[in-house]
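Reviewing the structure listed below.
The values are calculated or read from the model by the stated rules, or taken from the named source; none is laboratory data. These numbers come from a predicted model, not from an experiment. With ideal geometry, Cβ positions are generated from the backbone for all residues, glycine too; neighbour counts draw on all protein chains shown. Remember, those area values only see protein heavy atoms, side chains included, never the ligands or the DNA or RNA. Shrake-Rupley method; radii C 1.70, N 1.55, O 1.52, S 1.80 Å.
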Amino acid sequence: MSDRITIMLDGRPVEVDAGVLLIQAAQDAGTYIPRFCWHPRMNPVGMCRMCLVEVEGPGGTMLTTSCTVPVSEGMVVHTASETVKKAQEGVLEFLLINHPLDCPVCDRGGECPLQDQTMAFGPGESRYVEEKRHFEKPIPISDLVMLDRERCILCARCVRFSDDIAGDPLIEFLDRGNYTQVNTFADEPFASYFSGNTVQICPVGALTATPYRFRARPWDLEAVESVCAGCSVGCRVSVQSSQNEILRLLGVDVEATNHGWLCDKGRFGFQHLAAPDRLTTPLVRGEDGELHEASWSDALDRAARGLAAIVDSSGEGAVAGLGGSRSTNEEALAFERLMRHTIGTPHLDAAMGDALDARLLAAAPRRGLIGDLEQASTVLVWGPDLREELPVLYLRVRRAVAELGAGLVVVHPRASGLDTIADHVVRYRPGEGGALLARLAAGDGDLAEVRSALDDGPVVAIVGRTGLTEDGDLAGAVAGFAAELPDASVLAVSRRSNLYGAIDMGLAPGMGPGRVGEDPGRDADGIVEGLRDGSVKGLVLLGADPAGDHPSGTAGDALSRAEFVVSIDLFINDSNRGADVVLPAAGFAEVEGTMTNLEGRVQKVNRLVPAPGQARPANEILADLADRLGGKWESSTAESLASDIATLVPYADVSWEALDRGTGGDGILARGGDVVYSVPTVSTSVGNGMALHLGRVLYDRGTALMMDPSLAKLTQKPVLHLHPDDASSLGVAVGDQVRVSGSDGSAEVDAAVDPSLSPGVVYLPFNLGVSVGSDPSVTVEKVT
Amino acid sequence: MTDRILTVRMEAHPADSNTLDRYEATGGYATLRKALVEMSPEQIRDEVKAANLRGRGGAGFPAGVKWGFLAPAEPRYLVINADESEPGTFKDRQLLERDPHQLIEGIVLSSYALGVNHAFIYIRGEYARPARRVQRAVEEAYDAGYLGENILDSGLALDVMVHLGAGAYICGEETALLNSLEGRRGEPRLKPPFPAVEGLYAKPTIVNNVETISNIPWIIANGGSAYDAIGPEGSRGTRIFSLSGHVARPGNYEVVMGMTWREMIYQIGGGIRDGNELKCWIPGGASAPWFTPAVLDEPVTLDDAGRLGSMLGSGGIVVMDETTDVVAAALSIVKFFAHESCGQCTPCREGATWLERILQRIVTGHGREADIGLLLDVCDNISPGLRWPPAQTTICPLGPSLVSPITSIMTHFRSEVEAMIRHAEPAGV
């Protein structure tokens, strides 16, 4: 890919990639030059001066920072001359004179670049006898991050990450000279969805994360690499534990997905695993109507009997399955087997009525990769607010646009995270996306410029549901349009972590394992409808909470009509509180298996800690249940299920062994399969009155998040956002109570004003505790 | 032969040399009027190059050569560095206050030569009166058609914006100035890229000192070769020196370079106050290593100053007599630089305050024997080898600048430092 050139490195000729920075080239050639401020994923600033080396030039040999100089043919470099050593030791001494040297009580001690480099390159003792610089410490700069300005060496990694990578300029240098400090502005806490990355890249213990502070010493930690289960981006993580409790997640730098970054929900969202409310024993509903602890065999017997009774009385089609999108592929395949083969029902869905057509997700036209963003000339985002739903994909788009110079077109009903760097922003009214698409495709009127921007390929199109009141077919129609754009790559996105893997394992109506066609069945909407009208009587939930997650907001009511419900889960939630049998499952980092991200990239997830109490991997629970229902499975362990997965055409190259052997952390792409997505036409429904945009926020009231003490407090109360014109015509001021009434209910919430909405459109965040249904047409009135 | 270029008008008309009327009445803007008709931009550039005009901000880089580096991308900017903050230097203040139209005419000619339509004058925050006068002059020039959309019906468009700094010495460093002008922290940028390629708003930008550009009208009026005929080779033209300290007649003096330091101090400066003996002097602003009477008969030129291990820098000459406590003087300068360090790079941020504290200890009678070696070694870690011209471990020259006073006293007055330490009280008791 890149040209190779030869430089003289400490007297030996070495071949390096042309154009890379000297510090990187030297490292590639085996010579580590010490550094603090340089980070391979950020632009160099040459501030800490630790990486000084000597470079010979026409004007003689000069000390220069190796992080700021690209290599050139024939360059002569000295990294270990007396001058270099003295300069580096001098810089280290400067950095240490005001550093508190409190390593024994510092979280970073033991994995601290400053400590390590002082040992390797630094002087043995200090010549500084004056009093050190003092600041109040530590100070909270957000709910998750603490700052110790005395430990800080002012490398600006946190500042640059927040400004340049995350686009959240909230942590900055203040004052100057000897009094320079990193801090936030007075009334602006470090409320970034990406704040944890600054803790990870801080080269000292200046930034610490509240969930990890004083919990462990680095040398006590055990670690495995795995995949974040927070969303479908599939960020590579290092999971770290002590005494069988997960204490932190660190981002692992892989080119394909996360570049080392994580969002805070992914990074800190592990504490629910050790929450006191975690299910640890099977529960069975007693004659008193309450759930009681039971043995595994009693609970499984009861579950099998209940399901068999419904099949006997009403047929296989009276049983349905929901969930599996948060499970591993192996668990999902076991669920598919139980439902479709052992029980024999075609009604199963991993999605919750909030995603997209499974065929679109599995077989989008011109399906692309996240990495295609690196070469994109234009990016089209017509889908969710990526910052709220797929945060690290948001960072990758930001990089493509702000750093690499791609153009950006954002289509969304209200201001989204990417608007500030977009070249074109298009707003529309939920329900009228189809008409907008037709006008955009034709380049009508004010859309002519946007349309011509999209002719600048390669185009990467990220399509999905902008909100839950939107027709899911719209994203398919957009994908069809986008696929025709020059050198198009299409990413059809939906949030839930292993939804793509679950679909590939056949957890979708009409689709079997390996992206092949199957008998048609009910999707989540149909299953909820069936529960309501009594045609579905028995239900198996695998890590699914339709009462909270189904956009209608009324699935809980439908669920209460079921005759028999089995739930396999980590917690009691609104959906299984009334279940007949609740079986405790192992969760993240408690099972081994694979997950498939939104690109179809399969990665290994690994086990680090035992599941609590009697909780078991879902595939084992499902196999035992199948056994009681007469299913004769040859394989039930995750490992044997993995072998079965490898027989599916798209997964032919995938094996645990190949993934464990190492694929550069990039996993293996599962591509191909029989199913074809036919692009739908989408009709436009112009409702009367107000149109509701029901969008997701990162910190919603999902069960796992609410069980996580660090994240639960970050959830906001629901607020209805109105266009200022609508607010004034309704006589509503910010903070007033309004009643919003929709297809499935009404709610009274505070009002806020959002000028980015089109007049006539209101925005309500989904799953913050209020629900009015998922129809776009709503009415709003002031509560007096 | 011409011996004054820049200060003729203000000397002759002290009451109103800053006004447009006086400027026009004394031949002002005639050069511009003529040049816009008769000369091409290239011809103006050629004259400036032929003049061998060296920059008056401190580094002494040939202005015509700098102009030649300007990249072709558009838009391009001209920025006048009027952030005169070097201790002992106050020449630009006089040019701004007393003859702002001379500068503006220079700006218009330069902008025409460089293909610039937007120029900025970045004035030191403390320079309130100069800024007011320049602002008024800019407004007068707009009204009279010397600035604006179609200057003197030539088709040339130029807007000039006056921007007041916020009180940071480092913003005199051209890339820190550009950051400040953009609304960022006043911190020097990494070079390359140099401003001529990527400057203000990442566009090609020429940053020139006030005095440098104030010379342009004369050069275009009289020709580059006429300018090149004034003064010794390498130090062409006149130069305004700011004489201060223990001289009998401190002030700004525009002179042709090449006289000896003895003439500079004893004739121009009127000798040492109270008939005292000369001890040493700073030849070119607080950043410059000091000279002692041993070089009194050396010529005052850029190249000779460099050969002798210092520089003419910003033209600020600070004279110290026999009564001077040189350690206290060095402390005073180091304290200034520590206060003005931007703080972005480690050796300057940490080293400056450390050096200040060691000197403070010595001056207050708590020095230690080891402090001399420590001072020099800390200096060496900022400016390796302590040589001239200086090497640096820092991003910008502020690092080696703060080292200059210390190496100066260690080179010339080490016995005084040692004596101070020897008579010290035991520290920390």
Partner aspartates and glutamates whose C-alpha sits under 15 Å from that of A:Lys85, ignoring same-chain residues fewer than 8 away, are A:Asp10, A:Glu54, A:Glu93, B:Asp377, B:Asp380
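Work out, in µm²/s and without decimals, the Stokes-Einstein translational diffusion coefficient of the stretch A:132-274 at 25 °C, 0.890 mPa s, Rh from Kirkwood over C-alpha pairs. Can you show the working numbers first?
On the way: Rh = 15.8 Å.
Using the Kirkwood radius from Cα pairs, D works out to 155 µm²/s.
Could you calculate the FRET efficiency of A:Ser297 with A:Met62 from 1/(1 + (r/R0)^6), where r is the beta carbon distance between them and R0 is 60 Å, rounded to 0.05? Working shown, then result.
Working: r = 77 Å, r/R0 = 1.28.
Calculated transfer efficiency: 0.20.
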Partner lysines whose C-alpha sits under 26 Å from that of B:Lys279, ignoring same-chain residues fewer than 8 away, are B:Lys91, B:Lys335
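From the mean inverse distance of alpha carbon pairs (Kirkwood) and the Cα radius of gyration, derive Rg over Rh for the stretch A:385-433. Intermediate results must be reported in sequence, preceding the final value.
Details: Rg = 11.1 Å, Rh = 11.2 Å.
With Rh from the inverse mean 1/r over Cα pairs, Rg/Rh is 0.99.
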Protection proxy (average C-beta count within 10 Å per residue), highest first, orders A:60-69, B:3-12 as A:60-69, B:3-12
Reported to the nearest 10 Å², A:Val401 has, with a 1.4 Å probe, an accessible area equal to 20 Å²
PRE zone check, label point 7 Å out along Cα-to-Cβ of A:Asp455, amide N under 20 Å, scope the stretch A:352-388, hits A:376-381
Sequence order, the stretch A:233-240: Karplus ³J(HN,Hα) from phi using 6.51 cos²θ - 1.76 cosθ + 1.60, θ = phi - 60°, Hz rounded, Gly and Pro as x, gives 5, x, 5, 6, 9, 9, 8, 10
For A:Lys717, counting only lysines whose alpha-carbon sits under 19 Å away and dropping same-chain residues fewer than eight positions off, the answer is A:Lys265, A:Lys782
For chain B, longest principal axis from Cα atoms; helix B:398-412 axis from its Cα atoms; angle between them, nearest 10 degrees, is 50 degrees
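Note the per residue figure in Å³ for the convex hull of the C-alpha positions in the stretch B:8-228.
On the way: hull volume 25.0 nm³, N = 221.
Output value, Cα hull per residue: 113 Å³.
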Site B:Ala12, offset 7 angstrom along Cα→Cβ, radius 15 Å on amide nitrogen, limited to the stretch B:93-125, gives B:99, B:102
To the nearest 10 degrees, the tilt of helix B:346-363 (Cα long axis) against the first principal axis of the alpha carbons of chain B is 50 degrees
Rounded to the nearest 10 Å², the 1.4 Å probe accessible area of B:Tyr142 is 80 Å²
The Cα radius of gyration of the stretch A:339-484, divided by 2.2 N^0.38 Å with N its residue count, comes to 1.10
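Relative to the present Cα-Cα distance, how much length would full extension add between A:Glu245 and A:Arg671 at 0.36 nm per residue of separation?
Details: separation 426, 0.36 × 426 = 153.36 nm, distance 3.61 nm.
Length difference between fully extended and current span is 149.7 nm.
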Calculated from DSSP helices alone, with each H run of at least 4 adding -39500 (n - 2.57) and the total divided by the residues of chain A, [θ]222 nm to the nearest 500 comes to -6000 deg cm²/dmol
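Would you tell me the mean number of C-beta atoms belonging to other protein chains that fall within 10 Å of each C-beta in B:334-344, as a whole number? List each step's numbers first, then the result.
On the way: counts 0, 0, 0, 1, 2, 4, 2, 5, 4, 11, 12.
For this peptide, the per-residue mean of nearby foreign Cβ atoms is 4.
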For chain A, using Cα atoms only, the Rg and Dmax in Å read 27.7, 93
Non-local residues with an amide H under 5 Å from the amide H of B:Trp290, with H modelled 1.01 Å from N and Pro and chain starts lacking one, are B:Ser408
Applied in sequence order to the stretch A:558-563, the curve 6.51 cos²θ - 1.76 cosθ + 1.60 (Karplus, θ = phi - 60°) yields integer Hz couplings, x standing for Gly and Pro, of 4, 4, 5, 8, 5, 7
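Just check the stretch B:147-251 against the gyration tensor rule for me: Cα atoms, a ≥ b ≥ c as the square roots of the eigenvalues, rounded for a/c under 1.5, and otherwise prolate or oblate depending on whether a/b exceeds b/c. All intermediate terms of the calculation are to be shown ahead of the outcome.
Details: a/c = 1.78, a/b = 1.14, b/c = 1.56.
Verdict is oblate for the stretch B:147-251.
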Across the alpha-carbon set of chain B, Rg over Rh with Rh taken as the Kirkwood radius works out to 0.99
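With a cap of 14 neighbouring Cβ atoms within 10 Å, and only residues DSSP puts in a loop, list the chymotrypsin sites (Phe, Trp or Tyr not before Pro) found in the stretch B:6-106. Let's see the in-between values first.
Working: sites: B:Tyr23, B:Tyr29, B:Trp67, B:Phe69, B:Tyr77, B:Phe90; in loops: B:Tyr29, B:Phe69, B:Phe90.
Listed in order of number, the matching sites are B:Phe69.
Over all directions, how big on average is the projection of the convex hull of the alpha-carbon atoms in the stretch B:57-126, in square nanometres? Present the calculation step by step, with values, prior to reporting the outcome.
Details: hull surface 21.3 nm².
Taking a quarter of the hull surface, the average projection is 5.3 nm².
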GNM of chain B, Cα pairs under 10 angstrom: of B:Val210, B:Val417, B:Val403, the biggest fluctuation goes to B:Val417
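Averaged over peptide A:45-52, how many Cβ atoms belonging to another chain are found within 10 Å of each residue's Cβ? Walk me through the numbers before you get to the answer.
Numbers: counts 6, 6, 8, 4, 12, 1, 0, 3.
Neighbouring Cβ atoms belonging to other protein chains average 5 per residue here.
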Length gained if B:Asn276 through B:Glu369 is fully extended, taking 0.36 nm per residue and subtracting the Cα-Cα distance, is 30.3 nm
For the stretch B:238-321, the Cα convex hull volume per residue in Å³ comes to 71 Å³
P(r) of the stretch B:326-422 over all Cα-Cα pairs, 5 Å bins starting at 0, rounded to whole percent, reads 3, 15, 28, 26, 17, 8, 2, 0
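Assuming a ≥ b ≥ c are the square roots of the Cα gyration tensor eigenvalues, decide whether the stretch A:690-782 counts as rounded (a/c under 1.5), prolate (otherwise, with a/b larger than b/c) or oblate. Could the numbers behind the result be given before it?
Numbers: a/c = 2.17, a/b = 1.72, b/c = 1.26.
Here the stretch A:690-782 falls in the prolate category.
Could you tell me whether the stretch B:180-220 comes out rounded, prolate or oblate from its Cα gyration tensor? Rule is a ≥ b ≥ c as square roots of the eigenvalues, rounded for a/c under 1.5, then prolate if a/b exceeds b/c, otherwise oblate.
Numbers: a/c = 2.78, a/b = 1.99, b/c = 1.40.
Since a/c reaches 1.5 and a/b is larger than b/c, the shape of the stretch B:180-220 is classed as prolate.
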Quick numbers on the stretch A:514-673, Rg and Dmax over C-alpha atoms in Å, give 17.7, 51
For chain A, the charge dipole (Cβ of Lys, Arg +1; Cβ of Asp, Glu -1; about the Cα centre) points to a positive end, and the Cα of A:Gly731, A:Gly205, A:Thr118 closest to that extreme belongs to A:Thr118
In whole Å, largest first, the alpha carbons of the stretch A:478-522 cover along the principal axes 35, 23, 18
